[in-house]
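The values are calculated or read from the model by the stated rules, or taken from the named source; none is laboratory data. As the structure is a prediction and not an experimental result, all values here were calculated from the model. Cβ placement follows ideal geometry from the backbone for every residue including glycine, while neighbour counts extend to all protein chains displayed. Heavy atoms of the whole protein, side chains included, go into the accessibility calculation; ligands, DNA and RNA do not. Shrake-Rupley method; radii C 1.70, N 1.55, O 1.52, S 1.80 Å.
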Amino acid sequence: MIFYHIEILLIFILSRLLFAQTEDSTLVISDQIIESLVSEPVTNYEEFNVIDYLEELQKNPININTADLTILQRIPELDINYAQLIIQHRAKYGPFFSTNELFTIKGLPKYVINNIKPFITISDPVRQKVDTKPANTSLINFFRINIRSRFAIDLKDKDDSSYKNYPGSRLKLYNKLTLLNDQGEAGILTEKDPGEKSYYDFISFHLLLKNIGPLEKTVLGDYIFEFGQGLVLWGPFGFSKTTDAVFPIKSRDNTIHPYTSTDENRFFRGIAISTKFNEFQFSFFYSSHKLDASTDSISGEITSLTTSGYHRTTSELSNHNSLSETAWGGSGNYSYNNLFHIGILYYTSKFSKPLSGSLLYAPQGNRFNYFSTSYECFLIPTINLSGETAYDFKSIASLNTIQISFNKNFLFVSSIRNYPRNFNSIHGNSLAEQRNKVQNETGFYNGLKLLTDFGTINFYYDQFKFPFGGYRFPLSNTGEEYMFSYTNTFKTNINIKTSYKYENKDYLLNQDDQKSIVRRGRNDFRAILLWNLSKEVGLKSIAEYNAIRITEDNLTEEGILLANSVILNLINNLKLTGTVSFFRTDSFFSSVYEYDNNIGGLVRGEVLYGEGTKINLYLSYKLLKELTISAQYSEIIKPKESLVNPIYSTLTDNIIFQIELLL
């Protein structure tokens, strides 16, 4: 395996002789951005989707000298107020000559500027006048090559003997190659999960072409098609409620773009094109894609779609690619003076086998059709309306949002969602209490962001109801939650973020074979301190406390987490990070969590429960300007437990090694 990675590395180093090059100016995506976009994990998982979303934005940064109000709000943490400040500065003083000029804008927090810098660019007015060098128009002359190769393995002893029955090794492999130039990009990705036999169990590929004749964008291979607020079409990364009360609430569709993640289900495979005529944009797609599914041996119908992506056991292998989906459709969008946008969408999806609909409200049949409309408008520059209404030819779902900027320091957002019980969205991924499920839910969300001289305050309150019982919860049930967060930067080198969230939801209590609906309350307090002592030394501390109470059952559970990290930027491009986390919880239900964003292109959300210590060591060394090697070791120590990795865990490695090459 080592020789395999060395061979790949040497091949692409030699490829520098065949391709033109330019200096890469990639900036690091901050932990603050990631934690403001991802919600609290409910199980251990590896999150590629949020990183892929951010890296896609990083590959195609937004030009702050030309972007309008709508486009600027695609940048994480950049709400309508901050976007207005940038546009007003641009109108008053002319184009930006440097992104550092943003620091001169009063009312734009320094931590926001630092967080958004990886996703923005400028046009140089002077260089535009004197630089007459022709643009690179060759489809095969790539000026940037990105290679990321990673393998991970779990060296801990397993008490689970079933692991020995898997046909493949414990190695987890990931390889990604992307070639870019002015005319587009090409990419291929392979992945193998632990226990899988094939070293290329999952393969994804794409070719993106820009401005070919009348076509503004063409994608061949794997791609994502997004529309409106995500009620019927969206990618694997869907926005949800987080500590940023405003940004994640309104989806920001990008229509079509290449698929670069490892989720083996939520993408299309085929061709997608878009073209633009003045204020009109039209997009079309066709896809033929194989999916994993469980089939009833008697009826031949599909009982469930399998989304784990694992192909190890006999049953998992029998489900592999057992279902084919053919989908096609298109959208049209009209934009007037960047103040009013309206779009329509129609698409149809047909499966090779019918879905049984055996579960309550589950999709049934083999053909599904959707029609949807979306809108966004600015009544005045300080009031923004957006929404989507979708029809699946059985029922109508809707999501509507209003943002009001009362002044440059106060922003309010309100959103209403209504998803009927018989609305089946095969590829939807919108704002919902039930993650990735646009069905059987109504909700009313209100949030605000307040910028003060002593920091930024976020607050939201969300009420939701599931009007009809389902197979997991047989009766109608309701819930509510509110969140308060505070963020501030002191003396440019100290950042503090605190949050408090309260949840109050119906809970199905099973006691003495008697089921009853009770109310379960959960309080969670979390504080994060970042302190850059110097350019070489940084500290990070996390403290979390939560408490769960069910009055009817006299149940009270608590959980606590204390984590401390030291970040050392040593000589010769060497970076070392060490983290020690202490945790204690009464059970899994009062578990605490932490995110790990050390390895490039990977976010690991880990749920910690019981009593123990987690140790994490990360080392990164930049051998060349273009070549970075990183490694990570993590270990959870639970002295009072014999089984460290129970069924809740999907993280199967504690050593990760990665090679990243940017040419």
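The orientation-averaged shadow of the Cα convex hull for the chain, equal to a quarter of the hull surface, comes to 30.1 nm². Multiplying the residue separation of residue 318 and residue 338 by 0.36 nm and subtracting their alpha-carbon distance yields 2.1 nm. When its C-alpha radius of gyration is set against 2.2 N^0.38 Å (N residues), the stretch 443-560 gives a value of 1.43. In this structure the amide hydrogen of residue 245, modeled in the peptide plane, comes within under 5 Å of the amide hydrogens of 459, none closer than 5 places in sequence on its chain. Legend: calculated FRET efficiency, residue 346 to residue 437, from the Cβ-Cβ distance at R0 = 30 Å, rounded to 0.05, equals 0.85.
Using R0 = 60 Å, the C-beta based FRET efficiency linking residue 366 and residue 534 works out to 0.45. Ligands, DNA and RNA left out, the accessible area of the chain computed with a 1.4 Å probe is 59% carbon and sulfur. In the chain, the calculated helix contribution to ellipticity at 222 nm averages -3000 deg cm²/dmol per residue, counting -39,500 (n - 2.57) for every DSSP H run with n ≥ 4. Extension gain, residue 450-residue 517: 0.36 nm per intervening residue step, less the Cα-Cα distance, totals 20.4 nm.
Quick one: Cα centre-to-centre distance for the stretch 306-321 and the stretch 406-432, in angstrom? The two parts, judged by their Cα centres, are 34 Å apart.
Can you give me the Cα centroid spacing of the stretch 453-518 and the stretch 209-234 in angstrom? Cα centroid to Cα centroid, the span is 35 Å. Built from the Cα atoms of the stretch 226-281, the convex hull projects on average onto 5.4 nm², one quarter of its surface area. Taking only the C-alpha atoms of the stretch 551-617, the Rg (one decimal) and the largest Cα-Cα distance, Dmax (whole number), read 15.8, 61 Å.
Given labels modelled 7 Å from the Cα in the Cβ direction, how far is it in nm from residue 558 to residue 463? Spacing of the two 7 Å Cα→Cβ label points: 3.3 nm. With the highest mean first, a sort of the peptides 481-493, 216-228 on other beta-carbon atoms found within 10 angstrom per residue produces 216-228, 481-493.
Backbone N atoms of the stretch 260-295 closer than 12 Å to the 7 Å Cα→Cβ label point of residue 326 belong to residues 287-289.
Remark: the stretch 282-296, residue by residue, has Karplus-estimated 3J(HN,Hα) of 10, 9, 9, 8, 9, 9, 9, 9, 8, 10, 7, 7, 8, 10, 6 Hz, where x stands for each Gly or Pro and the curve is 6.51 cos²θ - 1.76 cosθ + 1.60 at θ = phi - 60°. With the simple spin-label model, which puts each label point 7 Å out from Cα in the Cβ direction, the residue 493 to residue 296 separation comes to 6.7 nm. Modelled this way, with points 7 Å down the Cα-to-C-beta line, the labels at residue 63 and residue 617 are 4.8 nm from one another. Per residue, the solvent-accessible area of the chain (1.4 Å probe, heavy atoms of protein chains only, all protein chains present) comes to 46 Å². Derived scalar couplings between HN and Hα for the stretch 523-529 equal 10, 9, 10, 9, 9, 10, 10 Hz in order, rounded to whole Hz, by the Karplus curve 6.51 cos²θ - 1.76 cosθ + 1.60 (θ = phi - 60°), x for Gly and Pro.
The HN-Hα couplings worked out from phi for the stretch 333-350 by the Karplus form 6.51 cos²θ - 1.76 cosθ + 1.60 (θ = phi - 60°) are 10, 10, 10, 10, 6, 6, 10, 9, 10, 9, x, 10, 9, 9, 8, 10, 10, 10 Hz, whole numbers, x standing for Gly and Pro. For the stretch 274-379, the equivalent ellipsoid derived from the alpha-carbon gyration tensor has semi-axes of 38, 15, 12 Å in decreasing order. Once the Cβ-Cβ distance of residue 74 and residue 508 is raised to the sixth power relative to R0 = 41 Å, the FRET efficiency obtained is 0.55.
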